[in-house]
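The values are calculated or read from the model by the stated rules, or taken from the named source; none is laboratory data. Remember, predicted model here, so these are calculated numbers, not experimental data. Note that we place each Cβ from the backbone using ideal geometry, even for glycine, and neighbour counts take in every protein chain shown.
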Amino acid sequence: MNLLKDYKTKNNDQSDFSFYDYQGDSNLIILFFRGAWCNYCKKQLQEIQKNISELENLNFKIISISSDSKMNSSILKTFLKLSFPVLSDSDFKIINDYNLKVKYKAKEVSKPAIFIYNKKHEEIFNVIGDTYEDRLSAEALLKTINNLSL
């Protein structure tokens, strides 16, 4: 069973961000996406935001991560009105730990992926997209969560 590492990074406003501190006593969804320029990614993030109340009622928190710069991550969060963190991993530290780096045209990005962790930081589900459009919808994510034994 894979355990979540307590990554310590900087939020887009340069404040300290710890995965364990953010997770608290909730379950955690980590959503990797290609970047702010990706329409499929933006659609998925918007779907998650539309279902945020239901996810929170099920005791889930969300972290989204891409290789975008902190500035682009911050702009995307504001533009899409996302209430969950949109973190920059432009040095690929976290993306590489999950073995998600892929080349798209001349750019290195993350594969689309979702990892779910329980309160004990144990990975209980993951899905990694084979292509840029291969990703879980919010509806499929909620169905998956409801089928997990937490």
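Scanning segment 98-107 for residues that are out of contact with any Asp or Glu (no Cβ under 7 Å at 6 or more places or on another chain) and at pLDDT 95 or above returns TYR98, ASN99, LEU100, VAL102. When you look at LEU142, is it in contact (Cβ under 8 Å) with a residue 40 or more places away in the chain and touching a helix residue (DSSP H, G or I) at 6+ places or on another chain (Cβ under 9 Å), yes or no? Yes.
Each residue in segment 110-143 was checked for being of a type in the set (S, T, N, Q), modelled with pLDDT of 95 or more and under 18 Å from ILE48 (Cα atoms), and 1 pass.
A quick yes/no check of all residues on (1) within 21 Å of LYS42 (Cα to Cα); (2) assigned to a helix (DSSP H, G or I):
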| site | (1), (2) |
| --- | --- |
| SER74 | yes, yes |
| ILE124 | no, no |
| THR131 | yes, no |
| ASP134 | yes, no |
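Would it be correct to say that SER83 is surrounded by fewer than 17 Cβ atoms within 10 Å (Cβ to Cβ), within 21 Å of SER15 (Cβ to Cβ) and of a type in the set (Gly, Ala, Ser)? Criteria met by SER83. For segment 37-58, name all the residues that are out of contact with any helix residue (DSSP H, G or I) (no Cβ under 8 Å at 6 or more places or on another chain) and free of Cβ contacts under 8 Å to residues at least 60 places away in the same chain. Those that are out of contact with any helix residue (DSSP H, G or I) (no Cβ under 8 Å at 6 or more places or on another chain) and free of Cβ contacts under 8 Å to residues at least 60 places away in the same chain: TRP37, ASN39, LYS43, GLN46, GLN49, ILE52, SER53, GLU56, ASN57. Residues that are out of contact with any Pro (no Cβ under 8 Å at 6 or more places or on another chain), farther than 16 Å from LYS120 by Cβ and touching a residue at least 60 places away in the same chain (Cβ under 8 Å) within segment 13-30 comprise just one, ASP13.
Yes/no per residue for (1) assigned to a strand (DSSP E or B); (2) of a type in the set (D, E, K, R); (3) modelled with pLDDT under 95:
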{"residue": "MET1", "(1), (2), (3)": "no, no, yes"}
{"residue": "ASP13", "(1), (2), (3)": "no, yes, yes"}
{"residue": "ASP21", "(1), (2), (3)": "no, yes, no"}
{"residue": "ASP25", "(1), (2), (3)": "no, yes, no"}
{"residue": "ILE30", "(1), (2), (3)": "yes, no, no"}
{"residue": "GLY35", "(1), (2), (3)": "no, no, no"}
{"residue": "LYS43", "(1), (2), (3)": "no, yes, no"}
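Residues that are more than 22 Å from TYR20 (Cα to Cα), hydrophobic (A, V, I, L, M, F, W, C) and surrounded by 13 or more Cβ atoms within 10 Å (Cβ to Cβ) within segment 95-139 comprise VAL102, VAL109, ILE128, LEU136, ALA138, listed in sequence order.
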